[in-house]
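The values are calculated or read from the model by the stated rules, or taken from the named source; none is laboratory data. Given the structure is predicted, the values throughout are model-derived calculations rather than measurements. Here the Cβ positions follow ideal geometry from the backbone for every residue, glycine too, while neighbour counts run over all protein chains shown. When the accessible area is computed, the model is the full protein with side chains, heavy atoms only, and any ligands, DNA or RNA have been set aside. Shrake-Rupley method; radii C 1.70, N 1.55, O 1.52, S 1.80 Å.
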Amino acid sequence: MPLSPERKAEYFEKFKALLSTYSKCFIVEIDNVGSMQLQMTRKGLRGKGEVLMGKNTMMRKCIREFMEENPGHPAEQLISTCRGNVG
């Protein structure tokens, strides 16, 4: 089921806010990762970081828009890693 335009706008705002707030990020492949393990990871990161999942094309588009607004930001390297089942 596709996301509504309002939900997409919320996602873009949140992603861009995270890119400008945090100086470091990591991308993980989540093939064969159970929901309980992902839930425990989110719980362990509370107060220290955030887990954001999304569709690859939407994540790449958001990063491109962020790069247009903030040229030279290191987040540009993330575009090439948004392939497969990652978050």
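Report, by residue number, each residue of the range 33-86 that is of a type in the set (Asp, Glu), in a helix (DSSP H, G or I) and either open to solvent by 70 Å² or more (accessible area, probe 1.4 Å) or touching a residue at least 60 places away in the same chain (Cβ under 8 Å) (or both). Working first, answer last.
Step one: filter the range 33-86 for residues of a type in the set (Asp, Glu), giving 50, 65, 68-69, 76.
Going one step further and asking which of them are in a helix (DSSP H, G or I), we end up with 65, 68-69, 76.
Glu68, Glu69, Glu76 - these are the residues of the range 33-86 that are of a type in the set (Asp, Glu), in a helix (DSSP H, G or I) and either open to solvent by 70 Å² or more (accessible area, probe 1.4 Å) or touching a residue at least 60 places away in the same chain (Cβ under 8 Å) (or both).
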Q) Name the residues in the range 39-56 that are closer than 24 Å to Lys8 by Cβ and either under 11 Å from the mean Cα position of the chain (by Cα) or modelled with pLDDT of 90 or more (or both), would you? A) Arg42, Glu50, Val51, Leu52, Met53, Gly54, Lys55, Asn56
Q. Before we move on, is Ile27 aliphatic (A, V, I, L, M), in a loop (DSSP other than H, G, I, E, B) and under 14 Å from the mean Cα position of the chain (by Cα)?
A. yes
Q | Residues that are within 17 Å of Gly84 (Cα to Cα) and of a type in the set (Gly, Ala, Ser), drawn from the range 18-59 | A | Gly34, Gly54
Q. For the range 2-19, which residues satisfy the criterion of being surrounded by 13 or more Cβ atoms within 10 Å (Cβ to Cβ) and either of a type in the set (Val, Ile, Thr) or part of a helix (DSSP H, G or I) (or both)?
A. Lys8, Tyr11, Phe12, Lys14, Phe15, Lys16, Leu18, Leu19
